[in-house]
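One structure is given below, encoded as structure tokens.
Computed from the coordinates by the stated procedures, all read-outs in this text should not be read as laboratory data. The structure displayed is predicted, hence computed values, not measured ones. Neighbour counts are summed over all protein chains in view; Cβ atoms, including those assigned to glycine, are modelled from backbone coordinates with ideal geometry.
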Amino acid sequence: MQLFILDPDPREAAKLLSQVCPLRARKQIIETNQSLSTILGEQGMEPLTKKDGSKYSTKTHKHHPVTQWMRDNLDWVLAFQYHLSEIYPDHAASVSFLDFFKGMRLGYLVLGLDR
């Protein structure tokens with residue numbers, strides 16, 4: 001489990017990661033969904049859905065340093081994941097995240113987007 005932060009701005013970080021290492025960027029979407037699902041589960045929310053239709057676990061990566069950092073920087077992580085998912089909209093993990101994000105008013109407030 002890793003989180004590649006190449007810039008303090010989440011939009012720029014997503015763009016740079018996709019330019020520097022597209023394969024890593026696509027894998028980052030999955031790894032971020034894994035940690036986000038753990039965090040969502042702790043809040044009593046439904047975890048994100050995998051490509052095969054099953055749900056990501058809400059119990060794995062609970063004490064991982066990346067997941068702990070993500071809890072404290074959730075706004076940044078949501079924005080980063082949103083922008084990565086915009087870059088790779090056909091990636092199954094992106095579709096899962098974007099479906100979740102669209103139903104989450106908080107996500108739109110984080111990014112200052114209109115619904």
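General remarks:
- Sequence-distant lysines (8 or more away, or on other chains) whose Cα lies within less than 22 Å of LYS102: LYS15, LYS27, LYS50, LYS51, LYS55
- Tensor-based shape of the chain (alpha-carbon gyration tensor, a/c under 1.5 rounded, otherwise prolate or oblate): rounded
- The local environment of VAL20, defined by Cβ-Cβ distances under 14 Å, has a net charge of +2 under the rule Lys, Arg +1 and Asp, Glu -1.
- Legend: calculated FRET efficiency, ASP52 to LYS27, from the Cβ-Cβ distance at R0 = 25 Å, rounded to 0.05, equals 0.90.
- Contour excess over end-to-end distance, with Cα ends at GLU42 and ILE5 and 0.36 nm allotted per residue: 10.9 nm
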